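Participant: Sending over a structure as structure tokens; questions will come in a sec.
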Amino acid sequence: MKSSRTTRLAKVVALTSSIALLAAGCSSGASKDAAQPASADNPVTLTVTTFGTQGLDPLYKQYEKDNPGVTIEATNIDTGGNALTDWKTKQAAGAGLPDVQAVEEGWLGQVMTVSDSFTDLNEYGASDISGDWVDWKVKQATDADGRIIGYGTDIGPMGLCYNSKLFKAAGLPSDRDKVAELFGGEDATWDDFFSVGEDYVKKADKAFYDQSGFVWNAMVNQLDEGYYTADGSLNIDSNAELRQRWDQLSDAASKGLSSGQTQWDWGKGQAFVDGSFAVMPCPGWMLGNVKGQVEGAGGNVSDGWDFADVFPGGPANWGGAFLTVPSTSKHPAEAAKLAQYLTNAASQATSFEEAGAFPSNLEAQKSKAVTGENDLTKFFNGAPIGEILGHRAEGVKAQYKGADDSVIQEQVFGPATIAIDKGTDGEAAWNSALSTLQELEIK
């Protein structure tokens, strides 16, 4: 098992590097594309690959309407992890990449190791409009040579989704402002979170949060340095803060706070409507997932889900994406134009209304579409979601993401969080994670 996985990883890295070199020499299509823009007489088909719930579907239709001659063929992959596998496979094969490729923050580090295989969007005006987005989002997508390889879509400031009916039934506050106070308000800590959870479990005789993986993700993301130090060194075995948080989480799981749900499935949404758990960490983009899961399981607004302006441990960001243009695109100018459109202020406001994807575009953050009422606010009991997320975004710092950050999250600590949910001792699960880290030879 060890040698097999290592060999595959080595092949992917080698092939990816080769493709990057090939792609770097294939940018001659840019000038031709710019000289012959799409029109009814020069039709162009642009392929787009995204993942999760990004709220872009209505924008594709509008763009085709506004740009005669452009046809968009969109592919949406269910999760960021599966999208990463898809990208790595096609990147290594040197074929099949779309004109516009969505990249998740968690695997941006891997993309940056082959940044020269993406179009430098400065060639299409990115530097002139880079002030439209929060500055740390632009910096994340800028490589060491100053090339901007992606336009930022959303960011993932985090609040707490909670079920007001379950809280009330357990004798806890159900009003969102009082819930925020219950967790400690502006000074909320993870100790507060797990203490409330223990109280809930005793009173309700039910689990508190859905599963440990998402809680762990949040705990790691808000550290100044997570799996890597800011200078790019692996930072796990000797990371005292990381270990302290792991001990907190595994202790909570041992006390029955986790429902042990399967990530991204939740029993096909049933766990959201049958009272299996009462709270979960929610970045903006997760809100659309919650609404979709509840409705997919036959539930609705009456199930009581709400959104509170509080988060344990202070400001945290989970995820967010970028729209890139692989240099293999035959239509880089048209692709860059589409990527820019999909991430401008009006489009990001639409994405927020569709999916709760909180804008990285500064103008969009202040728009009425984001701060006002919409289907999501109605679903979450009238919660002022845009205002809450804007508040939760204050103080967020972009954590450095190493090349294998997402691999560590999914393949090293993914199994470990599942293990503690199933009753494995925290110490044993931590040691197992370190063994996996060595097995994968992650540096």
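Participant: Give region 408-429 a look and list any residue that's at negative phi, surrounded by fewer than 17 Cβ atoms within 10 Å (Cβ to Cβ) and outside any helix (DSSP H, G or I), or say none. Lay out the reasoning, then the answer.
Facilitator: Going through region 408-429, the residues at negative phi turn out to be 408-422, 424-429.
So of that shortlist, the ones also surrounded by fewer than 17 Cβ atoms within 10 Å (Cβ to Cβ) come out as 415, 422, 425, 427-428.
Of everything in region 408-429, those that are at negative phi, surrounded by fewer than 17 Cβ atoms within 10 Å (Cβ to Cβ) and outside any helix (DSSP H, G or I) turn out to be K422, D425.
Participant: Moving to a separate point now. So D405 clears everything in (1) under 19 Å from the mean Cα position of the chain (by Cα); (2) acidic (D, E); (3) open to solvent by 30 Å² or more (accessible area, probe 1.4 Å) except one condition, right? Which one?
Facilitator: Result: D405 passes all but (3).
Participant: State which residue is surrounded by the most Cβ atoms within 10 Å (Cβ to Cβ) when the search covers only region 308-365 and only residues that are in contact with a Phe, Trp or Tyr (Cβ under 8 Å, 6 or more places away or on another chain) and on the phi > 0 side of the Ramachandran plot.
Facilitator: Top of the filtered list is G356.
Participant: Then there is this: Looking only at region 44-85, which residues are touching a Gly at 6+ places or on another chain (Cβ under 7 Å) and assigned to a strand (DSSP E or B)?
Facilitator: Within region 44-85, V44, F51 qualify.
Participant: Right, next: Could you please find all residues in region 181-237 being assigned to a helix (DSSP H, G or I), open to solvent by 10 Å² or more (accessible area, probe 1.4 Å) and polar (S, T, N, Q)?
Facilitator: S195, N217, N221
Participant: Okay, next question. If the Cβ limit is 9 Å and pairs must be 6+ apart or interchain, which residue in region 242-270 that is in contact (Cβ under 8 Å) with a residue 24 or more places away in the chain pairs with which residue that is open to solvent by 60 Å² or more (accessible area, probe 1.4 Å) and hydrophobic (A, V, I, L, M, F, W, C)?
Facilitator: Close Cβ pairs satisfying both conditions: G260/I418; T262/I418; Q263/I418.
Participant: Just one of (1) open to solvent by less than 10 Å² (accessible area, probe 1.4 Å); (2) in contact (Cβ under 8 Å) with a residue 60 or more places away in the chain; (3) more than 18 Å from R243 (Cα to Cα); (4) not in a loop (DSSP other than H, G, I, E, B) trips up G386, so point out which.
Facilitator: (2)
Participant: Just to check your reading of the model, which residue among K88, K139 is within 21 Å of N361 (Cα to Cα), outside any strand (DSSP E or B), of a type in the set (K, R) and in contact (Cβ under 8 Å) with a residue 12 or more places away in the chain?
Facilitator: K139
Participant: Then there is this: Out of S115, S130, S174, I need the residue that is in contact with a helix residue (DSSP H, G or I) (Cβ under 6 Å, 6 or more places away or on another chain), within 29 Å of L223 (Cα to Cα) and of a type in the set (S, T, N, Q). Which one?
Facilitator: S130
Participant: It is to be established whether one or more residues within region 153-160 are of a type in the set (S, T, Y) and surrounded by fewer than 15 Cβ atoms within 10 Å (Cβ to Cβ).
Facilitator: Here is the first cut: in region 153-160, the residues of a type in the set (S, T, Y) are 153.
Now drop any that are not surrounded by fewer than 15 Cβ atoms within 10 Å (Cβ to Cβ), which leaves none.
No - not one qualifying residue is present in region 153-160.
Participant: When you look at E225, is it within 30 Å of A403 (Cα to Cα) and either over 18 Å from the mean Cα position of the chain (by Cα) or touching a residue at least 60 places away in the same chain (Cβ under 8 Å) (or both), yes or no?
Facilitator: Numbers: within 30 Å of A403 (Cα to Cα): yes; either over 18 Å from the mean Cα position of the chain (by Cα) or touching a residue at least 60 places away in the same chain (Cβ under 8 Å) (or both): yes.
So E225 fits the description; yes.
The values are calculated or read from the model by the stated rules, or taken from the named source; none is laboratory data. As the structure is a computational prediction, the values presented were derived from the model and not from experiment. Using ideal geometry, Cβ is built from the backbone for each residue, glycine included, and neighbour counts are taken over all protein chains shown. Accessible surface areas use protein heavy atoms only, side chains included; no ligands, DNA or RNA. Shrake-Rupley method; radii C 1.70, N 1.55, O 1.52, S 1.80 Å.
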